Amino acid sequence: MTDQKKKKDFSSYTYGEARTGGGQLIKFTCEPEDVKKIKSFLAENVRGIDVPVTGQVSTSHGTFGQYSRYKVVQHKYAGGGYGPSCGGCIEVLEIKNPPMSRHRIVIYEFSNGHGV
């Protein structure tokens with residue numbers, strides 16, 4: 001029986017970083033023995049990578065008011081003002097169609113220029 005045909009009892013993954021042929025830095029996850037192969041593939045065959053966006057609008061007010069491929073509902077927003085003395089804001093978002101193994105509720109806080 002070859003190694004490829006053996007059933008794995010335990011899978012281990014590692015993070016890697018590489019640049020595409022266009023110079024874009026990519027962070028990826030793979031099996032440890034595949035890191036060099038993936039780095040080479042990205043450099044030789046891929047010009048750039050983008051996250052697909054369907055154009056669904058998440059919220060019209062708040063810090064997460066941007067396009068997303070997910071259906072996002074804003075349940076609560078508190079904050080105010082613009083500029084360095086705005087004090088920040090906080091909002092509670094629900095992702096109606098979250099990725100597998102991800103939580104539906106997101107709490108996003110922005111304080112004095114730093115997102116948390």
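Each value in this text was obtained by applying a stated rule to the coordinates, not by laboratory testing. All values derive from a computational prediction rather than experimental measurement. Here the Cβ positions follow ideal geometry from the backbone for every residue, glycine too, while neighbour counts run over all protein chains shown.
Things worth noting here:
- For Gly79, the shell of other residues with beta-carbons less than 14 Å away shows a net charge of -1, using +1 for Lys and Arg and -1 for Asp and Glu.
- The residues neighbouring Arg104, those whose beta-carbon lies less than 12 Å from its own, together hold a net charge of +2 under the Lys/Arg +1, Asp/Glu -1 convention.
- Pairwise FRET efficiency - Phe10 versus Met100, Cβ, R0 = 30 Å, nearest 0.05: 0.90
- Once the C-beta distance of Cys89 and Leu25 is scaled by a Förster radius of 35 Å, the resulting FRET efficiency is 0.70 to the nearest 0.05.
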